[in-house]
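Chemist: Take this structure, written in C-alpha cells, and hold onto it; I'll ask about it next.
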Amino acid sequence: MTKMDSRLRGNDPASVKILDACPLPKNCRGRLRHAGTRGLNKLRMSTLTKVEICFSLSVPTILIRIAVWIVLLYRRVRYGYRFRRIKLTRGKYAIVDAADYERLSQYKWQAHKDRYTYYARRSRRDPVTGRRSTVPMHREILDIEADKVVDHINANGLDNRRANMRSATTAQNSMNRRFYKKRSSPYRGVSFNRQLRKFVVYVGYKGSRMYLGCFDDEIAAAKAYDKAAKEYHKEFAGLNFP
C-alpha cells in the first residue's frame with residue numbers, strides 16, 4: 001500500500017471500496033492529494049466506465065424439448081410443414097428436417113451465392129491427405145450417386161428438407177432452375193419478336209430448343225410452353241402456372 005493509499009483510507013472510509021474495486025492509475029492519485037469526498041466521487045465516475053454482470057441460467061432439457069415442439073407445431077400450421085433453421089453467414093438461414101438438425105448444427109456453415117440461388121456449404125478436411133474440400137449441405141443430407149446432382153423442387157437452394165430434394169441429372173436440374181424475369185417476357189420460354197410483333201415460344205429438350213409457334217397473346221404463349229414442358233420435362237418441368 002502506498003502512502004497516498006493509506007492517506008485516502010484514513011480520511012474517507014468510502015475510498016476504501018473505490019480503491020479495492022478499481023485501483024487508480026498513478027497519474028490519477030496525484031490529483032487526489034487535495035481532493036475530498038466530492039472530488040473523489042467525480043474521479044470515480046470518470047474512471048469506472050463499464051460494469052459487466054455475467055450469470056448462467058440452466059434450463060431443464062424437458063423445457064427445451066417442449067419449446068421446440070411448440071415451434072415445430074406452429075410452423076406446421078403456418079407453412080404446412082415442420083422444419084428447423086440453421087444459421088449461415090451473410091445473415092442467411094437454411095431449413096432442414098427436425099431429424100437432421102442435431103447432426104448438421106454441429107458444423108459451421110457458409111451461405112454461397114450461385115448464379116440462381118443461395119446454397120449452404122461447409123469446409124471439410126480429409127484426415128488422410130489433409131486437403132480441404134467443400135461439402136454442400138444438400139449432399140450431406142441426401143446420399144446420391146456421384147454422377148448425379150441434387151435438385152431442389154421449389155428452386156430454393158436453402159430449403160434442404162428431404163421432401164424438397166431429389167436426385168437428378170444435370171439436364172434435369174437445369175429444367176427446374178429459377179427463372180429471372182429480366183427478358184422481353186416475364187414467362188418461361190416466351191420472348192417477344194419485334195419484327196413479327198408476336199410472342200415466340202421455345203422449349204429446351206435434349207440440348208436443343210424446339211420451336212412451338214408464335215402467339216398474339218402472351219398468356220396463351222406461356223400456357224403453350226407449360227403444356228410442352230409437362231410433356232418433355234415430366235416432373236422436372238418448371239411451369240409458368242403451376
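Taken together, the values in this text are just the output of simple stated rules run on the coordinates, not laboratory data. What you see is a predicted model, and the numbers here were worked out from it, not measured in a lab. Ideal geometry is used to build each Cβ from the backbone, glycine not excepted, and the neighbour counts take in all protein chains shown.
Chemist: Any chance you could count the Lys pairs in region 90-242 whose alpha carbons are under 24 Å apart, treating pairs 8 or more apart or on different chains as valid?
Modeler: 27
Chemist: Please state, as a whole number in µm²/s, the translational diffusion coefficient that the Stokes-Einstein equation yields for region 172-211 at 10 °C and 1.306 mPa s, with Rh defined as the Kirkwood radius across alpha carbon pairs. Intermediate values should be presented prior to the final figure.
Modeler: Values: Rh = 11.3 Å.
For the chosen part, D equals 141 µm²/s.
Chemist: Cα gyration tensor of region 61-174, axes a ≥ b ≥ c as square roots of the eigenvalues: rounded (a/c below 1.5), prolate (a/b > b/c) or oblate?
Modeler: Numbers: a/c = 1.96, a/b = 1.34, b/c = 1.46.
It is oblate, given that a/c is not under 1.5 and a/b is not larger than b/c.
Chemist: If you take the alpha carbon radius of gyration of region 180-236 and divide it by 2.2 N^0.38 Å, what ratio comes out, to two decimals? Kindly include the intermediate steps, with their values, before the conclusion.
Modeler: On the way: Rg = 11.0 Å, N = 57, 2.2 N^0.38 = 10.2 Å.
Here the answer is 1.08, to two decimals.
Chemist: Sticking with this one: Tell me, Thr134, Thr117, Thr129 in order of fewest to most beta-carbon neighbours within 10 Å? Walk me through the numbers on the way to the answer.
Modeler: Working: Thr134 11, Thr117 15, Thr129 8.
Lowest to highest Cβ neighbour count: Thr129, Thr134, Thr117.
Chemist: How high is the relative contact order of region 96-169, given as a whole-number percent (alpha carbon pairs under 8 Å, six or more residues apart)? Intermediate results must be reported in sequence, preceding the final value.
Modeler: Values: 97 pairs, mean separation 20.0, N = 74.
Taking the mean separation of contacting Cα pairs over the length of region 96-169, I get 27 percent.
Chemist: Using the per-residue mean of other Cβ atoms lying within 10 Å as a proxy for protection, in what order, highest first, do the peptides 163-170, 185-192, 68-75 fall? Mind showing how you got there, number by number?
Modeler: Details: 163-170: 15.6, 185-192: 18.2, 68-75: 13.0.
Answer by packing, highest mean first, reads 185-192, 163-170, 68-75.
Chemist: What length, rounded to one decimal in nm, is gained on full extension from Ile64 through to Asn156, with 0.36 nm per residue of separation minus their alpha-carbon distance?
Modeler: Details: separation 92, 0.36 × 92 = 33.12 nm, distance 2.93 nm.
Gain on extension, Ile64 to Asn156, equals 30.2 nm.
Chemist: Where a ≥ b ≥ c are the square roots of the eigenvalues of the C-alpha gyration tensor, would you call region 127-214 rounded, which needs a/c under 1.5, or, failing that, prolate if a/b is larger than b/c, or oblate? Don't skip to the answer; put the middle values down first.
Modeler: On the way: a/c = 2.92, a/b = 2.66, b/c = 1.10.
Prolate.
Chemist: If we count other beta carbons within 10 Å of each Cβ, what is the order of Phe199, Phe236, fewest first? Working shown, then result.
Modeler: Working: Phe199 23, Phe236 18.
The most exposed by this proxy come first: Phe236, Phe199.
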